[in-house]
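Asks: Right, I'll just put the structure down here and ask away after.
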């Protein structure tokens, strides 16, 4: 979540995926292009959800292996990004169940994730203010349900409302309302 979401990047990713899937001369080429375009967003998603880079790497690999198996069995995927994130969502849930852990990242792990993505040049005062703000954001996020955090994580990774609704098994209008309530609550809690 340290990287800022930009709509232009989502459009570029969507365009690149469409071109790759349409113009690919072979399944191997399609797989390679999809992996290159989606690997980092899926990995970041796992890091945010699980808080462990090693687990994130393993599960990222597993998500793409499932996509490749699916394609090699001759099955069609209409939206590769939504499909991979749906698999990633399910893998994260399964992994958390195995660990019997459905908690947010602890403060120390969250700090490490934020520090890796932080601007290396802030002065001491900016660093203190940033830590205070991150602590405040983390406190607000801890008060959200796992489903609410999941919804925000998927949106932060650039998934569209329709894709998030698909991943979470909701109808798009329900998701729009649900996400709106979450955002309103987070803003209210941050600035009250």
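The values are calculated or read from the model by the stated rules, or taken from the named source; none is laboratory data. These numbers come from a predicted model, not from an experiment. Glycine also receives a Cβ, built like all others from the backbone with ideal geometry; neighbour counts cover every protein chain displayed.
Asks: I need a count of the residues in region 149-161 that are surrounded by fewer than 18 Cβ atoms within 10 Å (Cβ to Cβ) and free of Cβ contacts under 8 Å to residues at least 40 places away in the same chain.
Replies: Applying the first criterion (surrounded by fewer than 18 Cβ atoms within 10 Å (Cβ to Cβ)) to region 149-161 yields 156, 160-161.
This time we only want the ones that are free of Cβ contacts under 8 Å to residues at least 40 places away in the same chain, so: 161.
Summing the residues that are surrounded by fewer than 18 Cβ atoms within 10 Å (Cβ to Cβ) and free of Cβ contacts under 8 Å to residues at least 40 places away in the same chain in region 149-161 gives 1.
Asks: Taking the condition modelled with pLDDT of 75 or more, in a helix (DSSP H, G or I) and out of contact with any helix residue (DSSP H, G or I) (no Cβ under 7 Å at 6 or more places or on another chain), does residue 58 pass?
Replies: Yes: the conditions hold for residue 58.
Asks: Find the helices (runs of 4 or more DSSP H) located wholly in region 92-192 whose residues include 2 or more that are at pLDDT 75 or above, and list them.
Replies: 124-142, 146-156, 161-168, 172-191
Asks: How about region 63-85: which of its residues are without any contact (Cβ under 8 Å) to a residue 60 or more places away in the chain, surrounded by 14 or more Cβ atoms within 10 Å (Cβ to Cβ) and not in a loop (DSSP other than H, G, I, E, B)?
Replies: 63, 64, 66, 67, 68, 70, 71, 83, 84
Asks: Please verify whether region 5-27 includes one or more residues that are closer than 21 Å to residue 87 by Cβ and modelled with pLDDT of 70 or more.
Replies: Checked against the condition, which is being closer than 21 Å to residue 87 by Cβ and modelled with pLDDT of 70 or more, region 5-27 yields no hits at all.
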